[in-house]
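All of the numbers you see were taken from the coordinates with simple rules; none came from a lab. Every value quoted in this text rests on a predicted model; they were computed, and no experiment measured them. We place every Cβ from the backbone using ideal geometry, glycine too, and count neighbours over all the protein chains shown.
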C-alpha cells in the first residue's frame, strides 16, 4: 500500500482514478441491467419515432393522426389510447390490420403486411398513447413445462370460458350478423394470449387479474395438446359437430345407400 | 246444381223414360291403356356362356379378396402400434384404427357387392306374380276359435260360479295399487313450498362473494376492465360436493360483465344493483336452460347457442331475439370492504327455464323502472 500512498498526489492519479471509476460503473451497469432487450416491449425513443412515422402513413387515415379515432358514416376507426402494445401486435401481427375494406362485419385475417420490427415500432408508438396491456414475454406463453394436471385444468377453463364461441375443439363458430369467432387451430400461443388480454373486436377481455397468467398458460397448453393429438376416431370433419357430421351422413352416407339401391333394382343389360 | 248431379239425373230420366238398357258397371276408362307386363327377355349371362363365366369370375374375385382383408385386419390388430399415426395434409389420424376400419369395412362391402352381382347376373331369372289377398283369417278358422272359446268358458264353470270371476277381477284391480303407488318415485309433488325450496332458490345470499368458475379466485371490482367477461360462481359453492354441487351449480352460475355505464341503460330500481358498470346476470337461459356465455362486448348482446335467444345485457337482460320469453335474471351486487364483488341478495326471481307453475309477473319487462 505504501507504493500507492506515496504516489497519491502524482499528476496521473486523478486520471487513473477516474478511469477506474468509469470502468467499475460500466461493469456494474452491464451486470445489473437486463442484458438483452426484447425489441417490442421496451419502447425506445428511436422505435417510437419510427412507429409514429409508420402510423402516420399506414393507420392515421382511420385512427386519426394521433390515434384519437374517428367515427363517420364511411370510416369507423376506434380510438387507440389505452389499447396497449399487445393489441397492436395482435391486430397487425395476425394481418387483421390494416383493414382493406370498411363496412364488413369484422376484420378478416390477411397476410401480414409488416415486418416484425415494423410491428414492434407501431406497438411501441401506440403504447405511448395511454397505458394498456404490454406484449407478453415469451415465458408467459411458453407451454413446454406445463404439467398434465394443468393441461386438464386448462381444458376445464377452456370449456367454461372459451368454448361457447370458439367451439369445444377451438374450431371457431358463428356469431350474429355475419360475425364469427375465429378458429384457434393455427393461432400462435402469443396471439391467443394477446387476444385474451385485449379482447379484440367482439371478444370480451379476460385480463390477468381475473384469469391469472397461469390459467392462460394452462388454456394455451390444453389447446396445443388437443390439436397435436392424432384423431383416433378417423376423420373428424373439422370438429364442427352436427353440421359437418350431418352433411356427411345425409349426402355421402344416405346418398351412397340410394346409389346401391338403384343398382340392385336396375334391370341391367338384356341379351336382345 | 252441379255438373255431376245434372248429368246423373239426365241419365236417370233417359233410362226410365225410354226404357233403353243402361250398363250400370261400365269398364273403367283410363287415359292410358294398361300396357301389361313387358316381355321377358333373357340376360346376357343367360345366353352367352362366356359372359356367365366372366360374371362368375368377378363374384369369386370379390369373395376371394375378403380373406386377404380379414388377415390384414388381424395383422394390423397385433402388429401396428397404437401410437403410430398418419400425418398427411388434413389427415391426422391414428394408423391402427384407420387400417382396422379400412380392412373390415372393405371386406364387408365386397361380400355385399359380390352377393348382389351374383343375384343379378347368375341366379335364376324367372318372373313371378304374387297377388294380394285379404288379411283376415278364413271363416272356418274364425268359427273354430269362437267355439273353442265358448267350450273353455263352459269348462271353467265361470258362468255357474260367478264369484270366481268377480274375485279374480278384484285381484287384478288391486294389483293396480302397487303400480300407481310406485309413480310417487317420479319425484316429490311440486307444491308451492317445495318449489320455493328447490328450483326457485339458489345458494346466492347477501354477502356471498363472486368468484371465478373452476379457479374460485374472488373477483375484485377494480380488476375488471370495460369489455371484460367473467364466468362466475358463488364462493360458497366450494363447500359442496357430488350431486349437491352439480344441482347448486346448475342454478347459481353467473356471468359478470363490465360495460361503460354511460352507454347502457340502467333502470332507476336497479341503480344500486351494479358497481360502476359491472353487472351480474344468471348464466342460465330462460328458454330451456342452456348455459350462455357467448357475449359480444361491442353490442352487449348475449347469445344462447342452443336456440339463438339473444339478451341485451346493456338493458337489464331483455330479450332482443329468439324464443326466450323472459329477461335474464339479474343478481344485485355490491363491493365488500376489501373491494371484492359480493351479492346484495339472492336472485329476485327464479333463474332458469320456464315451467308450468312459474310466476312471470315479477320478471323485468320492457319499460319497467
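Using alpha carbons only, how many degrees (0 to 90, rounded to 10) separate the axis of helix B:242-252 from the longest principal axis of chain B?
So the inclination is approximately 80 degrees.
So for chain B, averaging the separation of alpha carbon pairs under 8 Å that are six or more residues apart and normalising by length, what relative contact order in percent results?
Numbers: 468 pairs, mean separation 41.7, N = 369.
Relative contact order here is 11 percent.
Taking the mean number of other Cβ atoms within 10 Å as a proxy for protection, how do you rank B:291-297, B:353-359, B:31-37 from highest to lowest? Intermediate values should be presented prior to the final figure.
Details: B:291-297: 22.3, B:353-359: 12.4, B:31-37: 6.0.
Peptide ranking by packing, descending: B:291-297, B:353-359, B:31-37.
Could you order peptides B:261-269, B:175-183 by the average number of other Cβ atoms within 10 Å of their residues, highest first? All intermediate terms of the calculation are to be shown ahead of the outcome.
Working: B:261-269: 12.3, B:175-183: 8.6.
Put in order of decreasing packing, that is B:261-269, B:175-183.
In terms of the Cα gyration tensor, with a ≥ b ≥ c the square roots of its eigenvalues, is region A:120-195 rounded because a/c is under 1.5, prolate because a/b exceeds b/c, or oblate?
Numbers: a/c = 2.45, a/b = 1.22, b/c = 2.01.
Taking the square roots of the gyration eigenvalues as a ≥ b ≥ c, region A:120-195 is oblate.
What percentages make up the Cα-Cα pair-distance distribution of the protein assembly as shown when the bins are 20 Å wide from 0?
Each 20 Å bin holds this share of Cα pairs: 12, 28, 24, 22, 10, 2, 1, 0, 0.
Against the longest principal axis of chain A, how steep is helix A:84-93, in degrees 0 to 90 to the nearest 10, with axes from Cα atoms?
Roughly 50 degrees between the two axes.
Is the shape of region B:204-353 rounded, prolate or oblate, going by the alpha carbon gyration tensor and its root eigenvalues a ≥ b ≥ c, with a/c under 1.5 for rounded and a/b larger than b/c for prolate? Don't skip to the answer; put the middle values down first.
Working: a/c = 1.61, a/b = 1.08, b/c = 1.49.
Oblate is the answer for region B:204-353, as a/c is 1.5 or above yet b/c matches or exceeds a/b.
In whole angstrom, how far apart do the alpha carbon centroids of region B:80-130 and region A:88-102 sit?
49
Ignore the peptide's own chain and count Cβ atoms of other chains within 10 Å of each Cβ in B:91-98; give me the average, rounded. Display every interim value, and only then the final one.
On the way: counts 4, 7, 7, 6, 2, 1, 5, 6.
For peptide B:91-98, the averaged partner shielding equals 5.
Calculate the mean, over all residues of peptide A:153-165, of how many other protein chain Cβ atoms lie within 10 angstrom of the residue's Cβ. Provide the component values of the computation, followed by the final result.
On the way: counts 2, 1, 1, 3, 5, 1, 1, 11, 7, 2, 3, 14, 6.
Mean inter-chain Cβ contacts per residue within 10 Å come to 4.
Just need the relative contact order of region B:160-269 here, percent rounded to a whole number, with Cα pairs under 8 Å and 6+ apart.
Reported relative contact order: 22 percent.
Relative contact order for region A:45-127: what percent, with Cα pairs under 8 Å and sequence separation of 6 or more?
Numbers: 118 pairs, mean separation 32.1, N = 83.
Once normalised by length, the contact order is 39 percent.
When the helices in chain B are scored as -39500 (n - 2.57) per DSSP H run of 4 or longer and the sum is shared across all residues, what 222 nm value do you end up with, to the nearest 500 deg cm²/dmol? Display every interim value, and only then the final one.
Values: 9 runs with 133 residues, N = 369.
Per the formula, -12000 deg cm²/dmol.
By its C-alpha gyration tensor, with a ≥ b ≥ c as the square roots of the eigenvalues, how is region A:45-127 shaped: rounded for a/c under 1.5, else prolate for a/b larger than b/c, else oblate?
Because a/c hits 1.5 or more and a/b fails to exceed b/c, region A:45-127 counts as oblate.
Residues of B:214-224, mean number of Cβ from any other protein chain within 10 Å of their own Cβ, rounded to a whole number? Can you show the working numbers first?
Working: counts 12, 10, 0, 5, 1, 2, 2, 0, 1, 4, 4.
Across B:214-224, the average partner-chain Cβ count within 10 Å equals 4.
Summing -39500 (n - 2.57) over the DSSP H runs of n ≥ 4 in chain A and dividing by its residue number, what mean residue ellipticity at 222 nm do you reach, to the nearest 500 deg cm²/dmol? Write out the running numbers ahead of the final one.
Working: 13 runs with 133 residues, N = 272.
Mean residue ellipticity, 222 nm, calculated: -14500 deg cm²/dmol.
Taking the Cα centre of each part, how many Å lie between region B:322-338 and region B:223-261?
11
For the peptides B:362-368, B:206-212, what is the packing order when you average, over each peptide's residues, the other Cβ atoms within 10 Å and list the highest mean first? Kindly include the intermediate steps, with their values, before the conclusion.
Numbers: B:362-368: 13.0, B:206-212: 18.9.
The densest-packed peptide leads the list: B:206-212, B:362-368.
Using the alpha-carbon atoms, what tilt in degrees (0 to 90, nearest 10) does helix A:189-198 show relative to the longest principal axis of chain A?
Helix A:189-198 and the main axis of chain A meet at about 80 degrees.
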